Amino acid sequence: MIQDFPRRVAVLGATGSIGRSAAAELAEQPRRFRVVALAARRQLDELVRQSELFHPEVVVTTDPALEKELAARLPAGVHAAAGEAAMVEAAIRDDVDLVLCAVIGTAGIRPVLEALKRGKCVALASKEVLALAGELVMREAKKHPGCLVPIDSEHSGVFQALAGRRPDEIAKVWLTASGGAFRDWDPARLDEATFADALRHPTWKMGDKITVDSASLMNKALELIEAHFLFDLPEDKLDVVVNPQSVVHALAELADGSFIAQMSVPDMRLAIRYALSYPERFSGSVGKTTLPALGKLEFREVDHIHFPAIALARRAIAASGTMPAVLNAADEIAVERFRKGEIRFTDIWKLVGDVMEQIPVEEQKDLDQILACDARAREAARVWFRR
Ligand code: MG
């Protein structure tokens, strides 16, 4: 059931880059949204700042060691709570209509599942939720009257480009990629690429892990997996094209050859605002532009030979079950080991591919099983070495 306004919102992962942008959007629309709950890990300064801004009912730190300090710093009347279970409780409160989940890591999966089970709407930014538990999450989303609206720019683009289309109209869905830090590099030099090189993203400003994932296209691989679950599309109806300007976020290619593109300035606040306002659209202080200001639009093919990430995603989708979780876990450790200088940039794909071969695929049964599989894949990735 899609709630009318004002909507009562819980923001999980409130202090990260998506969470802060969400706070800015919510603060611009005080008559349409009421922030009821905030949750984050340990950036108390930002949590307290947002608590003073919104006066929510409850504020959660997932780190129990910080509960006392948080309680002491919150404005009068705002309740403090701690631990991951408290974050789940915040998401399923009776007075919450919409849960915005921007938690980094696997901690966002349980609150999203529980919120969907209770018919709440979820605005989803956490990659892990669909990458690890796509089958479980979509099962709950379809079974209950809530809704699931993506925040990632590409999926928001697909969601908008597909609105009102029948499945038989859709020939293909295209996710765009910026091409990442190495799109103009000589592929022969990729072996020597350093962590600092990988952090030079041409268009988006994001965290380290996702920026390295953009350079390796593993971010796009994860997004392909998410799109598979979110839009119920088989692997051969999903593809990736490079749009260096990051202005076109996604395209729906229709049966007759038409392309419906979703474009905007590359600012996450637009996708956040749409996920909050869906199916309505509100104007805000950012996002307006002119077409000439967007400049030229360019599309390039992905270099699948030197950047084999998309092939890994296709393998994970085809194998299904717990395989996407293995890909995600292996990549996380690979990026960490690349940061430490233990492996080369080009080893990221090799490591992920090898770990995917090593860990037997299982059908998705429940979250505990998926998390156990995630742990096995991490261990295998930690001990991987180049042959
Ligand atoms: Mg994205």
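All of the numbers you see were taken from the coordinates with simple rules; none came from a lab. This one's a predicted model, so the numbers in the text were calculated from it and none came from an experiment. Glycine gets a Cβ as well: all are built from the backbone with ideal geometry, and neighbour counts include every protein chain shown.
Points worth noting:
- Ranked for footprinting exposure by Cβ neighbours inside 10 Å, fewest first, Asp184, Asp208 give Asp184, Asp208.
- Cβ charges +1 (Lys, Arg) and -1 (Asp, Glu), total dipole of segment 55-170, debye: 260
- Sequence-distant aspartates and glutamates (8 or more away, or on other chains) whose Cα lies within less than 20 Å of Lys288: Glu25, Glu28, Asp152, Glu154, Asp267, Glu280
- Centroid-to-centroid separation of segment 55-84 and segment 165-216 [C-alpha atoms, Å]: 37
- Per-selection Rg to Rh, the chain - Cα, Kirkwood hydrodynamic radius: 0.95
- Approximating the spin labels as points 7 Å out from Cα along Cα→Cβ, the Lys296-to-Val383 distance works out to 5.3 nm.
- A prolate overall shape is assigned to segment 181-242, the ratio a/c of its alpha-carbon gyration tensor axes (a ≥ b ≥ c) being 1.5 or greater and a/b exceeding b/c.
- Relative contact order for the chain, counting Cα pairs under 8 Å that sit 6 or more residues apart, in percent: 14
- Stokes-Einstein diffusion of segment 194-335 at 25 °C, 0.890 mPa s viscosity, Kirkwood radius from Cα pairs, rounded to a whole number: 145 µm²/s.
- Net length gained if the chain between Asp95 and His55 were fully extended (0.36 nm per residue, minus Cα distance): 13.0 nm
- Environment charge of Gly284, counting only residues whose C-beta is closer than 14 Å and scoring Lys/Arg +1, Asp/Glu -1: +2
- Difference of contour (0.36 nm per residue) and Cα-Cα distance, Thr194 to Arg42: 51.8 nm
- If you take all other residues with their beta carbon under 9 Å from the beta carbon of Val58, and give Lys and Arg +1 and Asp and Glu -1, the sum is -1.
- Alpha carbon centroid spacing (whole Å) that separates segment 332-367 from segment 280-319: 24
- Of all DSSP beta bridges in the chain, antiparallel share, percent nearest 5: 25
- The lysine pair count for segment 76-221, using Cα distances under 19 Å and pairs eight or more places apart or on different chains, is 10.
- Normalised by residue number, the volume inside the convex hull of the Cα atoms of segment 1-160 is 101 Å³ per residue.
- Charging the Cβ of each Asp and Glu at -1 and of each Lys and Arg at +1, and nothing else, the dipole of the chain about its Cα centre rounds to 640 debye.
- Each peptide among 319-329, 280-290 gets the average number of other Cβ atoms lying within 10 Å of its residues, and from highest to lowest they stand as 319-329, 280-290.
- Summing Lys and Arg as +1 and Asp and Glu as -1 over all other residues whose Cβ lies under 12 Å from the Cβ of Ser320 gives a net charge of -2.
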